[in-house]
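The values are calculated or read from the model by the stated rules, or taken from the named source; none is laboratory data. Given the structure is predicted, the values throughout are model-derived calculations rather than measurements. We place every Cβ from the backbone using ideal geometry, glycine too, and count neighbours over all the protein chains shown.
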Amino acid sequence: MPKNKGKLVCMVVVFVLALTLSVGCFTRSNAEADDQPAPPPGMPSLKEIYKDYFEIGAAVNLSTINTHRSLIDFHFSSLTAENEMKPEGLQRTEGRFSFQIADRIVNLAVDQGLKMRGHTLVWHAQTPGWFFQDKNGNRIDQKAVITEEDRQLVRERLESHIENVMQYYAGKVYAWDVVNEAISDDGRYILRQDSPWFRILGEEFLEIAFRKAHEVDPDAKLFYNDYNIERPYKLNRTIQMLQSLLDKGVPIHGVGIQGHWSVGDSLAEVEQAIKKYAELGLEIHITELDIGTRDISAQGLARQAEYYRQAFALFKKYSDVITSVTLWGISDAATWRPNDNPLLFDKNREPKPAFWAIVDTDKSWEENKAYYLGE
Ligand code: XIL
C-alpha cells in the first residue's frame with residue numbers, strides 16, 4: 001500500500017473511532033444524568049412562556065438534579081439549592097468550607113446557562129452551633145451577660161462566612177438571600193427574638209450582613225427573604241425594618257417572598273404586599289413557591305390549578321417589579337411538604353392541572369392541556 005494511502009486510512013480510522021467514542025460518551029452521560037424521558041413533543045416550556053415576564057426557577061437538591069433532570073432542562077431558567085448552600089452545608093466546622101456538594105448544583109446552572117440564586121447566608125436555622133459558641137464551648141446567645149469580646153467573635157464569624165462563600169461563588173451566583181427569616185411572628189417585636197444572631201449582635205446583624213455582602217461582591221443582588229411577609233400581621237413590621245435599613249444606606253436590592261401557601265390563602269393580601277414592597281423601590285422575587293392541597297381528588301386538583309392560575313396572573317401583572325418566581329421543588333415526589341401535594345408535577349413527575357393552568361393564565365387548565373396536547 002502506498003505510504004500516503006496508508007496514512008489516509010489510518011486517519012479515517014482514528015476519526016471514525018473518535019466520533020463513535022464521543023457519541024457513546026454523550027449518550028451515556030445523558031442517560032446517567034436523567035432517568036426520565038424528555039418531555040413529549042408539543043409540551044410547552046415554562047421558561048419559554050415566562051421569558052418576557054420573569055425568571056422561572058426551581059429549588060433542587062443533589063437527588064433531584066438527577067431524578068428531575070429533563071424537567072429542569074426543559075422548564076426552568078433559574079436554580080436554588082434547597083439545602084446545600086445553607087451555613088450547615090458550607091461550613092459545618094469552623095474555617096473548613098466545603099463547596100463540593102453545592103458545586104454540583106451551581107455547576108449545573110453555569111453549564112446550562114441558568115441563573116443561580118444563593119440561599120442563604122444568615123439564618124437562625126440550619127446553622128451550626130459553633131457560630132454562637134465562645135472559646136470554652138458555651139452558647140453566647142444563652143448568657144445573661146454578653147461581652148464585647150463575645151460580640152466581636154460572632155461578628156467576625158458572620159463576616160468571614162459571607163466573605164468566603166460570596167467570594168467563592170462570585171460571578172456564578174447572581175442573587176443572594178443574605179438574611180433569611182429575621183422578622184418575628186410575634187406582633188410585639190419587629191425582629192425574631194429567638195435568633196442567636198439577634199440575641200448576640202442585636203438588630204445590627206442585618207446591617208452588618210448586607211454591608212459585608214455588598215463589599216465582597218458588588219455585582220450580586222442582595223435580598224431579604226422571609227415567609228408570611230405578604231400577610232398583614234407581618235407586612236408593616238417588615239416594611240419598617242427594610243425602610244430603616246434603606247434610610248441608613250444599607251445595600252439591599254430586593255425582597256424575597258417565600259410563598260409557602262395553601263389553596264384559598266388570600267391573593268389580595270399578596271397584591272397589597274407587592275405594591276408596598278415596590279414602593280420601597282425594591283425588586284421582588286417569589287423565592288419558594290409551593291401551594292398545598294390535601295385534597296387530591298379531581299376537584300381538589302382543579303381548585304389548586306385555579307389558585308395557581310390566579311397567582312401567576314398576579315405575578316405577570318407585576319412583572320415590572322417581580323423579576324423571578326422560584327418553585328420550592330419540581331414534583332410532589334420530592335417536596336418538603338409531602339402531605340400537601342404542593343407542586344406543578346405529580347409523584348410520577350407528570351404535569352398536574354396546576355401546570356396546565358399556568359401555561360396560559362387567560363384560559364382554563366383544561367383548555368390549555370387540550371390545546372397543547374391536541375386531545
Ligand atoms: C427547607 C427544605 O426544603 C427542607 O429540605 C429542610 O429540611 C428544611 O428547610 N424556608 C426556607 C427554606 O427558607 O430554606 C426551607 O427549606 C423552607 C422554609
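Within region 205-232, which residues are loosely packed, with under 13 Cβ neighbours inside 10 Å and either in a helix (DSSP H, G or I) or hydrophobic (A, V, I, L, M, F, W, C) (or both)? Step through it out loud before you land on a result.
At the first step, the residues of region 205-232 found to be loosely packed, with under 13 Cβ neighbours inside 10 Å are 218-219, 232.
Correct list: PRO232 only.
Rundown of residues vs (1) more than 23 Å from HIS124 (Cβ to Cβ); (2) more than 15 Å from the ligand (Cβ to nearest atom); (3) among the charged types (D, E, K, R); (4) free of Cβ contacts under 8 Å to residues at least 60 places away in the same chain, yes/no style:
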{"residue": "ILE200", "(1), (2), (3), (4)": "no, yes, no, no"}
{"residue": "PRO218", "(1), (2), (3), (4)": "yes, yes, no, yes"}
{"residue": "GLU230", "(1), (2), (3), (4)": "no, no, yes, yes"}
{"residue": "VAL255", "(1), (2), (3), (4)": "no, no, no, yes"}
{"residue": "VAL270", "(1), (2), (3), (4)": "yes, yes, no, yes"}
{"residue": "LEU280", "(1), (2), (3), (4)": "yes, yes, no, yes"}
Note to self: Looking at ALA102, ALA58 in this structure, which one is within 25 Å of SER160 (Cα to Cα), modelled with pLDDT of 95 or more and under 15 Å from the mean Cα position of the chain (by Cα)?
What the structure shows: ALA102
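Which residue, of HIS124, HIS119, is closer than 19 Å to ILE286 by Cα, in contact (Cβ under 8 Å) with a residue 60 or more places away in the chain and out of contact with any Leu (no Cβ under 7 Å at 6 or more places or on another chain)?
Working: HIS124 fails: closer than 19 Å to ILE286 by Cα.
Selected residue: HIS119, the only one of HIS124, HIS119 that is closer than 19 Å to ILE286 by Cα, in contact (Cβ under 8 Å) with a residue 60 or more places away in the chain and out of contact with any Leu (no Cβ under 7 Å at 6 or more places or on another chain).
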Note to self: Any residue at all in region 154-164 that's hydrophobic (A, V, I, L, M, F, W, C) and under 26 Å from the mean Cα position of the chain (by Cα)?
What the structure shows: yes
Notebook entry, point to check: Counting just the residues of region 334-366 that are within 16 Å of the ligand (Cβ to nearest atom) and among the polar types (S, T, N, Q), which one comes out farthest from ASP290 (Cα to Cα)?
Noted result: ASN339
Next item on the list: Run ILE239 past the list (1) surrounded by fewer than 19 Cβ atoms within 10 Å (Cβ to Cβ); (2) under 19 Å from ASN180 (Cβ atoms); (3) free of Cβ contacts under 8 Å to residues at least 40 places away in the same chain and report the number of the one that doesn't hold.
Entry: (3)
Margin query: Can you find a residue that is in contact with a helix residue (DSSP H, G or I) (Cβ under 6 Å, 6 or more places away or on another chain), more than 23 Å from ALA213 (Cα to Cα) and at pLDDT 95 or above anywhere in region 105-120?
Written below: yes
Check: Do we find that GLN310 is within 22 Å of ALA268 (Cβ to Cβ) and more than 16 Å from the ligand (Cβ to nearest atom) in this structure?
Finding: yes
Note to self: Return the residues of region 242-251 that are part of a helix (DSSP H, G or I) and crowded, with 16+ Cβ neighbours inside 10 Å; say none if nothing qualifies.
What the structure shows: LEU242, LEU245
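Can you tell me which residue among LYS347, LYS275, LYS316 is surrounded by fewer than 18 Cβ atoms within 10 Å (Cβ to Cβ), closer than 29 Å to ARG211 by Cβ and charged (D, E, K, R)? Spell out how you get there, then give the answer.
Working: LYS347 fails: closer than 29 Å to ARG211 by Cβ; LYS316 fails: closer than 29 Å to ARG211 by Cβ.
Within the list LYS347, LYS275, LYS316, the selection yields LYS275.
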Check: Does region 292-302 contain at least one residue that is more than 16 Å from the ligand (Cβ to nearest atom), within 21 Å of MET241 (Cα to Cα) and at pLDDT 95 or above?
Finding: no
Next item on the list: Within region 169-198, track down each residue that is closer than 25 Å to MET116 by Cα, within 16 Å of the ligand (Cβ to nearest atom) and part of a loop (DSSP other than H, G, I, E, B).
Entry: VAL173, GLU181, ALA182
